[in-house]
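Visitor: Quick one: the structure is below, questions incoming.
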Amino acid sequence: MSRRLESTPRRPESVAGRRVTPRRSPQDDVRAVAAWVVDRTLASLSPVDAFLDGALTRLDERDRPLLRELALGTLRWLRRLDHVIAAASHREFASIAPELRSILRVATYQILFLDRVPAHAAVDEAVNQAHARSHSGGASFVNAVLRRIARTPTLEAWPVVEADPVRRLALETSHPDFLVRRWLDRFGAAAARGLLDADNRSKPLHLLAFRDRGGRELAAEALIEAGIEVVPSALAPLGLTVREGLPWTTAPFRDGQLYVQDEASQVAALVPPPVAGERILDCAAAPGGKAFSLLAFEPGVRLVAADVDVERVALMRRNAGRLGRAMPILVADAGRLPSTAAFDRVVVDLPCSGTGTLRKHPELKWRLSEGEIARLASLGGRLLSGAARTVLPGGLLVAITCSLEMEENEETVASFLACEPQFRLLPLAERLAPPIDRYVVGPGLWRLPTADGHDGFTVSVLQRVK
């Protein structure tokens, strides 16, 4: 946590002709922490979780949902918020003092998107924050801009006027221009608009239950008894969608009956479904989601998990311990695995841009580029070639990404097949059951777009024929 937030705010002076008295409350602290999380995430280009998770632990449980909403919502709508702030301030957003930007962004998000707190409270708190971080002129500026926005607190009141249709759509939906242009070219106008809109919706929490722990029906009964509202996932056979409440304080979660995992991620690991006795190597496995999905669906598989990152391996071991799973977990680079083929299935989680998870990780939008996608695709090819050495003849090589980009999926697999003729794409339609069979998009290729409250994933399945 920054020292700035831990220090006592300066006493504010007059703002726009009136005296503002600082009034601190738990919710005021939440807004200040949200601005700090946004600031640090954008400045460091790190995942928002690196700052948000720690900040959440410092707050009362009742304030955590608001902090998550403010931080993720602000990052999700960042470009549109900047456009509104620029219009209300009559200046380029880049010309605004850096120490005021996140204060303005969080307050503008609250005014335009949330209705639980009056706009005047959001304005007053932002002014107090500005006093603590800037001079009186900065606080007056924040006060004037936010009061203009609060007078017409809807997005429609701040329209995007832009002649270029790609740039206009990118501004309206708060995405980078290059990604909008890419999706329009590759998916068409209607599908691209659907993806862009889906990225801007809040994401529900999904849970994975385990067949050998009683399945999701038993887990759901225990959660409902504990006051958590859940419904069965329509997509994942062992998934639960949380409608209300925080499940991690409940007995079934503490006892290892449940794991937090997006329902799309759950089913992606089951393409195709595992069978009892199958020997599986899960590469780039941490924090363990794919492995736990496979074990939840078929406890009879013999699974080994590996990841190159020591800290993430430690996290996976803690997750496996809580879930009561005694699988071997190794520190190993998927690109440099031993050449001895020994597994019926090798699953490799390829490094990717994460364009299927922008709803959950909105900060990714602001650091993605064409060059970064090309770099990740190249790295994915190296891991796929390394993992392929451990596949038995007749066995499967399964590449999973949370990306919707061809370079990281179809083109990476095509380059691999050009060098590895002993592999072929495995027909999938007859191996999958409803509802996930409808997401087969080509030979050996399964893609679930971002929609209906879940992430987007792409799975490529290859078979070693000799």
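The values are calculated or read from the model by the stated rules, or taken from the named source; none is laboratory data. Remember, it's a predicted structure, so these values are computed and weren't measured experimentally. Ideal geometry is used to build each Cβ from the backbone, glycine not excepted, and the neighbour counts take in all protein chains shown. Side chains are part of the model used for accessible areas, which takes the heavy atoms of the whole protein and leaves out ligands, DNA and RNA. Shrake-Rupley method; radii C 1.70, N 1.55, O 1.52, S 1.80 Å.
Visitor: Beyond 13 Å, what percent of the Cα pairs of segment 317-364 remain? Before the final figure, lay out each step's value.
Guide: Working: 845 of 1128 pairs.
Roughly 75 percent, once rounded to a whole number.
Visitor: If you fit an axis through the alpha-carbon atoms of helix 119-133 and take the longest principal axis of the Cα set of the chain, what angle between them do you get, 0 to 90°, nearest 10?
Guide: It is inclined by approximately 90 degrees.
Visitor: Run down the aspartates and glutamates and flag those whose C-alpha is under 13 Å from the C-alpha of K365, throwing out any fewer than 8 positions away in its chain.
Guide: D177, D199
Visitor: Also, I was wondering about something else. Name the long-range amide H neighbours of D282: under 5 Å, sequence gap of 5 or more, or other chain; modelled H, no Pro or chain starts.
Guide: Answer set, sorted by chain and number: V304, A305, A306, V347.
Visitor: Considering the dipole of the chain built from charges on the beta carbon (Lys and Arg +1, Asp and Glu -1) around the Cα centre, which of P118, N143, A189 is farthest to its positive end?
Guide: Selected residue: N143.
Visitor: Also, quick follow-up: Measuring with a 1.4 Å probe in the full set of protein chains, what accessible area per residue, in whole Å², belongs to segment 306-386? Kindly include the intermediate steps, with their values, before the conclusion.
Guide: On the way: 3520 Å² over 81 residues.
Per-residue accessible area for segment 306-386 comes out at 44 Å².
Visitor: Continuing with this model, one more query. Taking one equal scatterer on every alpha-carbon of segment 297-378, how large is log10 of I(q)/I(0) by Debye at q = 0.18, 0.23, 0.26 1/Å?
Guide: Result of the Debye calculation: -1.02, -1.18, -1.24.
Visitor: Oh, and also: Can you sort R62, R279 by 1.4 Å-probe accessible area, starting with the largest?
Guide: Details: R62 195, R279 85 Å².
Result, largest first: R62, R279.
Visitor: I would also like to ask the following. Would you please classify the overall shape of segment 282-422 from the alpha carbon gyration tensor, given that a ≥ b ≥ c denote the square roots of the eigenvalues, rounded means a/c under 1.5, and beyond that prolate means a/b larger than b/c while oblate covers the rest?
Guide: Numbers: a/c = 1.91, a/b = 1.16, b/c = 1.65.
Verdict is oblate for segment 282-422.
Visitor: With the cut-off at 1.5 for a/c, could you classify segment 128-282 from its C-alpha gyration tensor as rounded, prolate or oblate? Let's see the in-between values first.
Guide: Details: a/c = 3.00, a/b = 1.61, b/c = 1.86.
It is oblate, given that a/c is not under 1.5 and a/b is not larger than b/c.
Visitor: Need one word for segment 138-217: rounded, prolate or oblate. Basis is the Cα gyration tensor (sqrt eigenvalues a ≥ b ≥ c); a/c below 1.5 gives rounded, then a/b vs b/c decides.
Guide: oblate
Visitor: Next up: Probe radius 1.4 Å, ligands and nucleic acids ignored: give me the carbon and sulfur share of the accessible area of segment 116-218 as a rounded percent.
Guide: Values: 2470 of 4500 Å².
Looking at segment 116-218 in its full context, I get 55 percent from C and S.
Visitor: What is the distance in Å between the Cα centroid of segment 355-402 and that of segment 243-284?
Guide: Using only Cα atoms to place each centre, the spacing works out to 20 Å.
Visitor: Further, regarding this structure: For V347, what charge total do you get from the other residues with a beta carbon under 15 Å from its beta carbon, if Lys and Arg give +1 and Asp and Glu give -1? Could you put the intermediate results ahead of the total?
Guide: Values: positive: R279, K290, R302, R345, R389, R464; negative: E278, D282, E298, D307, D344, D349.
For residues surrounding V347, the net value is 0.
Visitor: Report for the chain the percent antiparallel among DSSP-assigned beta bridges with both residues inside it, nearest 5. Provide the component values of the computation, followed by the final result.
Guide: Numbers: 29 of 46 bridges.
Rounded to the nearest five, the antiparallel share is 65 percent.
Visitor: Would you please give the residues with an amide H less than 5 Å from that of T250, counting only those at least 5 places away or on a separate chain, with H modeled from the backbone geometry?
Guide: Residues meeting the amide H criterion: none.
Visitor: At most 16 other Cβ atoms within 10 Å plus a DSSP loop assignment makes a site exposed; report the longest stretch of the chain without any exposed GluC sites (Glu not before Pro). Please report the intermediate quantities before stating the final value.
Guide: Working: sites that count: E13, E92, E162.
The longest uninterrupted stretch comes out as 163-466.
Visitor: Here is a further query. Where the Cα atoms of segment 105-179 are projected onto their three principal axes, how long is each span, largest first, in whole Å?
Guide: 39, 27, 18 Å, listed from the longest principal axis down.
Visitor: Between the helical axis of 189-199 and the dominant principal axis of the chain, each derived from Cα atoms, what acute angle in degrees is found, rounded to the nearest 10?
Guide: It works out to around 70 degrees.
Visitor: Using θ = phi - 60° and the Karplus curve 6.51 cos²θ - 1.76 cosθ + 1.60, what whole-Hz ³J(HN,Hα) does each residue of segment 170-176 get, with Gly and Pro shown as x?
Guide: My calculation for segment 170-176 gives 5, 5, 4, 9, 6, 9, x Hz in order.
Visitor: For every helix of n ≥ 4 consecutive DSSP H residues, a contribution of -39,500 (n - 2.57) applies; sum these over the chain, divide by its total residues, and give [θ] at 222 nm rounded to the nearest 500 deg cm²/dmol.
Guide: Numbers: 18 runs with 208 residues, N = 466.
Estimated from H runs of four or more residues: -13500 deg cm²/dmol.
Visitor: Find how many whole Å separate the alpha carbon centroid of segment 434-448 from the alpha carbon centroid of segment 53-96.
Guide: The two parts, judged by their Cα centres, are 36 Å apart.
Visitor: Give the lysines reachable from K290 as a straight Cα distance under 16 Å; neighbours fewer than 8 places away on the same chain don't count.
Guide: Leaving aside lysines fewer than 8 places away in the same chain, none come within reach of K290.
Visitor: If you bin the C-alpha pair distances of segment 249-293 every 10 Å from 0, what whole percents do you get?
Guide: 22, 47, 27, 3
Visitor: Still on this structure, please answer the following. Taking Rh as the Kirkwood radius, which is the inverse of the mean 1/r over Cα pairs, what is the Rg/Rh value for segment 379-421? Kindly include the intermediate steps, with their values, before the conclusion.
Guide: Values: Rg = 10.4 Å, Rh = 10.9 Å.
Reported Rg/Rh, Kirkwood definition of Rh: 0.95.
Visitor: Which whole-number percentage describes the relative contact order of segment 342-453, with Cα contacts under 8 Å and a sequence gap of 6 or more? Don't jump to the answer; show the numbers that get you there.
Guide: Values: 134 pairs, mean separation 35.2, N = 112.
Relative CO of segment 342-453 lands at 31 percent.
Visitor: List, in order, the whole-Hz ³J(HN,Hα) value for each residue of segment 417-425 obtained from phi through the Karplus relation with A = 6.51, B = -1.76, C = 1.60 and θ = phi - 60°; use x for Gly and Pro.
Guide: 5, 5, 9, 10, x, 6, 10, 9, 5
Visitor: Along its principal axes, what span do the Cα atoms of the chain show, with the longest given first and each in whole Å?
Guide: 80, 52, 36
Visitor: Let me ask another. Whole-Hz Karplus ³J(HN,Hα) for segment 399-413, in order, using 6.51 cos²θ - 1.76 cosθ + 1.60 and θ = phi - 60°, x for Gly and Pro?
Guide: Listing the rounded values in order: 9, 10, 9, 9, 10, 9, 8, 4, 4, 8, 10, 4, 6, 5, 5 Hz.
Visitor: Give the peptides 231-241, 186-196 in descending order of average Cβ contacts within 10 Å, highest first.
Guide: Numbers: 231-241: 20.5, 186-196: 15.2.
The most tightly packed comes first, giving 231-241, 186-196.
Visitor: Same structure again: Provide the per residue accessible area, probe 1.4 Å, for segment 181-289, rounded to a whole number of square angstrom. Walk me through the numbers before you get to the answer.
Guide: Details: 4350 Å² over 109 residues.
For segment 181-289, the solvent-accessible area averages 40 Å² per residue.
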